[in-house]
Each structure stands twice: as structure tokens, then as C-alpha cells.
Amino acid sequence: MGFELSDKTIEKLNIIGEDFAKLLTERAAKEQNELAEAFRATAINGKSLYDECLKQGFDKDEAIKFSVGFLVGLSK
């Protein structure tokens with residue numbers, strides 16, 4: 001006993017599959033844009049923190065270590 005789908009059912013399943021693939025692609029693009037924005041914000045905040053450390057008398061090495069340590073601590 002075999003199971004067969006009508007041509008109309010196969011056509012509808014293909015449309016559903018295409019719509020689902022489009023939805024996944026759009027979702028992935030949105031998530032990629034959100035991630036890129038988060039990285040940009042982190043870079044801007046990291047630069048501001050680094051610059052403020054220098055203003056407060058840290059040397060460059062101390063400022064970068066502190067800034068990276070602070071940002072890494074936030075990501076945990």
C-alpha cells in the first residue's frame with residue numbers, strides 16, 4: 001500500500017516550504033543586524049571607557065586591560 005500526494009497538495013507544500021525558508025532567512029538577517037549593532041555599541045562604549053581611563057591617569061596598558069576586563073565581565 002503506497003502513499004501518494006496529489007499534484008495540488010505537492011504544490012501547496014512547496015509554497016509552504018518557500019514561505020518558511022523566506023521567514024528563516026529574514027529572521028537570520030534580523031539577528032545578524034542585531035548582533036552587528038550590539039558589537040558597534042560595545043566598541044563605542046569600550047572606546048569611551050578606555051578614553052576615560054586615560055583621563056583618570058591610567059597608562060595605555062592599564063586602560064586597555066581595565067576596559068577589556070570590564071567589558072568581558074559584562075558579557076558573562
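A few comments on the model shown:
- Calculated mean residue ellipticity at 222 nm for the chain: -31000 deg cm²/dmol, from DSSP H runs with n ≥ 4 weighted as -39500 (n - 2.57), summed, divided by the residue count and rounded to 500.
- Each label point was placed 7 Å from the Cα along the Cα-to-Cβ direction; for LYS8 and LEU35 their separation is 4.3 nm.
- Within a straight-line Cα-Cα reach of under 28 Å, LYS60 can be paired with the following lysines, leaving aside sequence neighbours fewer than 8 residues apart in one chain: LYS47, LYS76.
- Considering only ASN33, ASN14, ASN45, the mean-square fluctuation computed in a Gaussian network model of the chain, springs between alpha carbons under 10 angstrom, is largest for ASN14.
- Two-site label geometry, ILE15 and PHE70: point separation in nm, points 7 Å out along Cα→Cβ: 5.6 nm
- With respect to the chain, whose longest principal axis is taken over its alpha-carbon atoms, helix 60-75 is tilted by about 40°.
- Using alpha-carbon coordinates, inclination of helix 7-55 to the longest axis of the chain, degrees: 0 degrees
- In the chain, the portion of solvent-accessible area held by carbon and sulfur atoms comes to 61 percent [1.4 Å probe, whole percent, DNA, RNA and ligands not counted].
- Near GLN32, once Lys and Arg are set to +1 and Asp and Glu to -1 for all other residues with Cβ below 14 Å from its Cβ, the sum equals -1.
- Among LEU54, LEU24, LEU13: highest mean-square fluctuation, GNM of the chain, C-alpha pairs under 10 Å: LEU13
The values are calculated or read from the model by the stated rules, or taken from the named source; none is laboratory data. A quick note: this is a predicted structure, and the numbers were derived from the prediction, not measured. Cβ: placed from backbone, ideal geometry, glycine included. Neighbour counts: every protein chain shown. What goes into the accessible areas is simple: the full protein's heavy atoms, side chains included, and nothing from ligands, DNA or RNA. Shrake-Rupley method; radii C 1.70, N 1.55, O 1.52, S 1.80 Å.
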